[in-house]
Amino acid sequence: IAAVQTQFEGLRFAPTGPRPVVALDWQCTGSGPALFDLAYLLATSADEAVRRSLEPDLLRSYHQALRAAGVRDYALPQIEEHYRLLLAVVLRAGILLLSIVELRQAHLRTLATVMLRRATQANLDHNTEALLAGLPAAVRG
């Protein structure tokens, strides 16, 4: 299950205990890679400096958690590449959100604009355009 719309505002962190993170606000769930939630969270909720500082450690932690769960055929470089691809999906989601937001609802327009700006910067930081250009034409559409 992917939360699809993970934001820092929808997470609660406990300093100790068996569940250090609890996710709230699951109105947009779907099936998909859990890595999408991480890409969406970092690319839309964190400012650029925070995202840049967190990405390497969080991707390594994600890889370690998969290995601890018995996943052996998903190497860290693959995870990093998939994360970059998912950033393009996050950018598309930001564009779609901005296109459907009522212009009269200033708070939603502001939220969508910030999300889109952050997602755009994440894609620029990771040179997602070059990664997408290397995909077969049938995949790119």
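A few notes on this one:
- Ligands, DNA and RNA left out, the 1.4 Å accessible surface of segment 44-141 is 60% carbon and sulfur atoms.
- Label sites at residue 81 and residue 52, each approximated as a point 7 angstrom past Cα along Cα to Cβ, lie 2.6 nm apart.
- Computed extension length for residue 72-residue 135: 20.2 nm, one decimal, from 0.36 nm per residue of separation with the Cα-Cα distance subtracted.
- Percentage of interatomic Cα-Cα distances in segment 67-115 larger than 19 Å: 49 percent
- Looking at segment 26-96, the pairs of alpha carbons with a distance over 18 Å make up 40% of the total.
- When peptides 51-57, 72-78 are sorted by average Cβ neighbour count within 10 Å, with the highest value leading, the order is 51-57, 72-78.
The values are calculated or read from the model by the stated rules, or taken from the named source; none is laboratory data. Predicted model only: the values in this text are computed from it and were never measured. Quick reminder, even Gly has a Cβ in these numbers, built from the backbone with ideal geometry, and neighbours come from all protein chains shown. Note: accessible area is taken over every heavy atom of the protein model, side chains too, but ligands, DNA and RNA are not part of it. Shrake-Rupley method; radii C 1.70, N 1.55, O 1.52, S 1.80 Å.
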